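What follows is one structure encoded as structure tokens, with my remarks underneath.
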Amino acid sequence: MSSQREPIFNAPTVVVVLLAAFAAMQLIRGFLGDQTDIELLLRLAFIPARYDPASEYAAELGAVGEGPKFWTFVTYAFLHGGWLHLVVNSVWMLAFGSALAWRFGAVRFLLFSGLTAAAGAATHLALHFGQPIPVVGASAAISAHMAGAMRFIFQAGGPVGAFRARGREAFAAPAEPIGQAIRRPAIATFLIVWFAANILFGVFGGQITGDDANVAWEAHIGGFLAGIVLFPLFDPVRRDHDGVDLDEHWAEDLRQDAAGPHDVPAGAGGRKPLDS
């Protein structure tokens, strides 16, 4: 009798591509001069002061055009505050983003990630309107990945649940309604720890890490809450009266891949970014 061992590392292609894009952006920035990097931040980082016409940086931010007012709701996620920030985010995306990507598929995963990154930026904007400090990092979207993944990974047959199924079937475990899910001890504990950790690092981040980095924890929470709200709209696994029903395209993918995953210059752009 032969047995097929599942690989220890088997991330979905869409996750690997995103992480490679993050790393490429960080590598490129390492070769840029300070002024060029500031110009990059002005064009791609999310800067709340961009939306305040009374900001002392209005002329500087306006010089890059109107486009960044729109696309930076997403593009800030491709920038990071340093290699450590990138590595930490990569680990969490591999853990939770992978689970969600196996369930959603590439297109739904990218749309979900983009919308929740935007929700995180919008939350930060609402609470820090006019602030000139750039926000960078994919943590808002990754927080949404966590919110989505928690809906099914703890279920029986799910990736970390009892009676784990093999291959992609583990990612087809039905998601309970959120009202029922949060009464499960595993999910309730996950939520308490997640919110406590984000608030703790948001308030005492510099003291905990020993540096002067700031954490845009409000963006994390905005992304997480958006993930909870949007998950059922993107989820291809539907629960019917007789059990689980997969939408047609996801079911076909499952049949075809049954053996799957088993010092800072003056100006807005020159300010030390907030890590998200």
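The values are calculated or read from the model by the stated rules, or taken from the named source; none is laboratory data. Keep in mind that this is a model prediction, so the values were computed, not measured. Neighbour counts are summed over all protein chains in view; Cβ atoms, including those assigned to glycine, are modelled from backbone coordinates with ideal geometry. SASA here: full protein model, heavy atoms, side chains in, ligands and nucleic acids out. Shrake-Rupley method; radii C 1.70, N 1.55, O 1.52, S 1.80 Å.
A few comments on the model shown:
- Averaged over its residues, the range 8-69 has an accessible area of 52 Å² per residue, based on protein heavy atoms and a 1.4 Å probe.
- Heavy-atom accessible area with a 1.4 Å probe sorts MET146, MET25, largest first, into MET25, MET146.
- Ranking of THR116, THR123, THR13, THR36 by solvent-accessible surface, largest first: THR13, THR36, THR123, THR116 (1.4 Å probe, protein heavy atoms only, all chains present).
- Percent carbon-and-sulfur accessible area, the range 71-120, ignoring ligands, DNA and RNA, probe 1.4 Å: 86 percent
- Note on the range 7-78: Cα convex hull, mean projected area over all directions, 6.2 nm².
- Simple point charges give the picture: +1 on the Cβ of Lys and Arg, -1 on the Cβ of Asp and Glu, and for the range 1-97 a dipole about the Cα centre of about 380 debye.
- With coordinates expressed along the principal axes, the C-alpha atoms belonging to the range 73-136 extend over 39, 25, 16 Å, beginning with the largest.
- Compared with the rule-of-thumb size 2.2 N^0.38 Å for a compact globular protein, the range 1-145 has a Cα radius of gyration ratio of 1.18.
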